[in-house]
């Protein structure tokens, strides 16, 4: 009985080391994630600059767009919110548009949660780095590689938030963005991203549904409503099995 209840010092040391290794991030995995996402991070920086300019033109000021990039850290949702405000939509419509676009993170969060370790604050900080691209890079044989998610997420956050700061603070040097065609650049960039993502029948159905709803409502609906309705319609169409 005594032999089964007393743990040798060597075994206790191994157990303690195992717990430390389990909570620590493997540096090679973090670096691998950062390297893999580098090309996307360059594009994210450019998008961040674009968002900063749009947010400034929408009257969001200097601090709010930067804080939103660090706390929300979701390009599509932030662009949607800024676009609604720029068109004169209500703040509630801008928030709702962002929430609808970010619903996908519920599934991503559930899949990432089992791989997170350490205190609550640390897990929350690491979860903030789990975005579409970092989540995809972190996948390996059906498992989420925590170090890769963190490495890729950190690289993306530096690019996106740094770009936002440049766009908000330095965007004024460009003058009126519409004079350079930047007002058309934002939807063109998203259209280019959409083309690469629409590969199967369900994605095509969702994209087409959202586009038709937006086109139908733009001439008659208040600012912000077409965005919200289009996102909601696309989500419903994406979940449809037929």
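The values are calculated or read from the model by the stated rules, or taken from the named source; none is laboratory data. From a predicted model like this one, the values you see are computed outputs, not experimental measurements. In this analysis, Cβ positions are derived from the backbone assuming ideal geometry, glycine residues included, and neighbour counts consider all displayed protein chains.
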Restricting attention to segment 202-242, report how many residues are surrounded by fewer than 11 Cβ atoms within 10 Å (Cβ to Cβ) and either at pLDDT 85 or above or under 20 Å from residue 54 (Cβ atoms) (or both). 2
Quick check on my filter: what residues within segment 115-150 are touching a residue at least 12 places away in the same chain (Cβ under 8 Å) and assigned to a loop (DSSP other than H, G, I, E, B)? 116, 117, 118, 128, 129, 130, 131, 138, 145
Considering only residues that are assigned to a helix (DSSP H, G or I) and in contact with a helix residue (DSSP H, G or I) (Cβ under 9 Å, 6 or more places away or on another chain), look in segment 84-96 and name the one that is farthest from residue 232 (Cα to Cα). 86
Quick one: residue 190 ticks every box in (1) modelled with pLDDT of 85 or more; (2) assigned to a helix (DSSP H, G or I); (3) within 30 Å of residue 33 (Cα to Cα) bar one, so which box is it? (1)
Test of understanding: among 112, 195, 99, which residue is part of a helix (DSSP H, G or I), at pLDDT 85 or above and out of contact with any strand residue (DSSP E or B) (no Cβ under 8 Å at 6 or more places or on another chain)? 99
